[in-house]
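One structure, pasted below without further comment.
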Amino acid sequence: MSQARPHAICHREEATLSVTTTFAPVLTRAAWRGDELSTGQDWIYELDGAQLAELEALGARFMAEDPDLRTVQAEDYPLVACAEACEAWRQEVDFGRGFVLVRGLRAELYSDALSSAIYYILGLHMGDPIRQNEMGDLIDHVYATSDKTMDDPTALSSKVRDKLVYHSDSSDIVALMCLRGAKEGGASCLVSGAQIYNEILARRPDLAPLLFEPFHWDWRRQDHEAPADTYTSPIVSIEEGVFSMYAGSLYILTAQEYPGVPQLTDDQIEVLRLFDEITYEPGMAIEMDFRPGDIQWLSNYAALHARTTFWDWPEPQRKRHLLRLWLSSKGVRPVVPGFGKNGVVQHRAAPRDGAAEHPDACFHVRGAAVPRLIS
């Protein structure tokens, strides 16, 4: 197992374009190929004994004090042994390769609530948690409660065993913590948004400008209680020289089913087809199998993620179970206005537009550590 650490500092300049022309290739560490990264393990960070002891002690204190997840702050649970590492992870995610896998937590020995407490503390230091749905969940669960497949419009991607196509989530950073792995399958797959963009530029430079134009995205299919059918966002942002991508053709295509949504042009359909074709080419993506205790920190603007189909153990307590956090980077990474779901997500302190909290909302860690049995 690799003991290598990501570079301690990845300055903003590392994520900027190397030339001033808007439609120029991205020539930074954010543009990578999976077949090249797979030859090493410098994207894995191993926690040492002092860091592990600190996190377990903080997690136990978090459970004893039981703070409100909506209002607790990072400074309430300060890091010492992990402080330098956490800063390195933030820099790597926001302005380096775009992801890091942290390994070493002993989730198989913890209660799910203790794992959730440690995870939430680290999340507070990586960014600001945001609500993941209209119910207000701050810790969500990737836990299959249905045998639906993703061609069913009622399927929720976090509640099925079916494979997931490459996409971006609704936050600046998405994090996954593995409590238990699948019986078989369920690999996490990442692909570089910058590398996809570079390939489109090389093959069809005439289509690349379309990626900067707004598309309609299916909001209803992502969250059945969403207040509108769609929202809009471009696929690519270059702001202050920083390249970002928000992608996932599935929700662009299903948004076409709603009345009033402008129909895609032939060129827009062609660039989406080319985008998906490049994404799935051999060697583009990297796959990783989660072990209990692994935490994957990922910039939604640097890499797209997917998942292979998995098969579960029959016992509910052994089923594949990941915790998920969505984090805001508090404006650290510049993006064009209205990029991704920044304009529609709810921050953690209060529900949308001052509405009453959902009756099933849970803002304490013991309750939030239990998955909702919805399909």
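Dipole size in debye (nearest 20) for the stretch 312-372 around its Cα centre, Lys and Arg Cβ +1, Asp and Glu Cβ -1?
Details: 11 positive and 5 negative charges, 56 e Å.
Dipole of the stretch 312-372, to the nearest 20 debye: 260 debye.
If you take every residue apart from GLY49 with its C-beta less than 13 Å away from the C-beta of GLY49, what net charge results, scoring Lys and Arg +1 and Asp and Glu -1? Provide the component values of the computation, followed by the final result.
Values: positive: ARG106; negative: GLU46, ASP48, GLU54, GLU56.
So the environment of GLY49 carries a net charge of -3.
Another question, if that's okay. Note down the net charge around GLY34, summing +1 for each Lys or Arg and -1 for each Asp or Glu among other residues with Cβ under 11 Å from its Cβ. Intermediate values should be presented prior to the final figure.
On the way: positive: ARG33; negative: ASP35, GLU36, GLU281, GLU287.
Neighbourhood net charge equals -3.
Evaluate the stretch 12-368: find the radius of gyration of its Cα atoms, find its Kirkwood radius, and give the ratio Rg to Rh.
Details: Rg = 19.7 Å, Rh = 20.8 Å.
On the Cα set of the stretch 12-368, Rg over Rh gives 0.94.
State the answer as a single residue: which of GLY260, ILE130, ILE295 lies farthest towards the positive end of the charge dipole of the chain, with beta carbon charges of +1 for Lys and Arg and -1 for Asp and Glu, about the Cα centre.
About the Cα centre, the residue reaching furthest to the positive side is ILE295.
Helix-only mean residue ellipticity at 222 nm, the chain, DSSP H runs n ≥ 4 weighted -39,500 (n - 2.57), per residue, nearest 500. What is it? Don't jump to the answer; show the numbers that get you there.
Working: 8 runs with 85 residues, N = 375.
Only helices count here, giving -7000 deg cm²/dmol.
Let me ask something additional. Kirkwood hydrodynamic radius, computed over distinct alpha-carbon pairs, for the stretch 231-357: how many Å, to one decimal?
18.1
A further question on this structure: Scan the chain and hand back the longest stretch that contains none of the GluC sites (Glu not before Pro) lying in DSSP loops with at most 15 other Cβ atoms within 10 Å.
Numbers: sites that count: GLU225, GLU240, GLU257, GLU357.
That gives 1-224 as the longest site-free run.
Further, regarding this structure: Could you tell me which of the pairs LYS148/LYS330; LYS183/LYS330; LYS183/LYS341; LYS319/LYS341; LYS163/LYS183 are separated by over 26 angstrom between their Cα atoms in the structure shown? Numbers along the way, then the final one.
On the way: LYS148/LYS330 36 Å; LYS183/LYS330 38 Å; LYS183/LYS341 34 Å; LYS319/LYS341 30 Å; LYS163/LYS183 15 Å.
Result: LYS148/LYS330; LYS183/LYS330; LYS183/LYS341; LYS319/LYS341 exceed 26 Å.
Readers should treat all values here as calculations from the given coordinates under stated rules, not as data from a laboratory. Values in this document were obtained by computation on a predicted structure and should not be read as measured data. Here the Cβ is made from the backbone with ideal geometry for all residues, glycine too, and neighbour counts use every protein chain on show.
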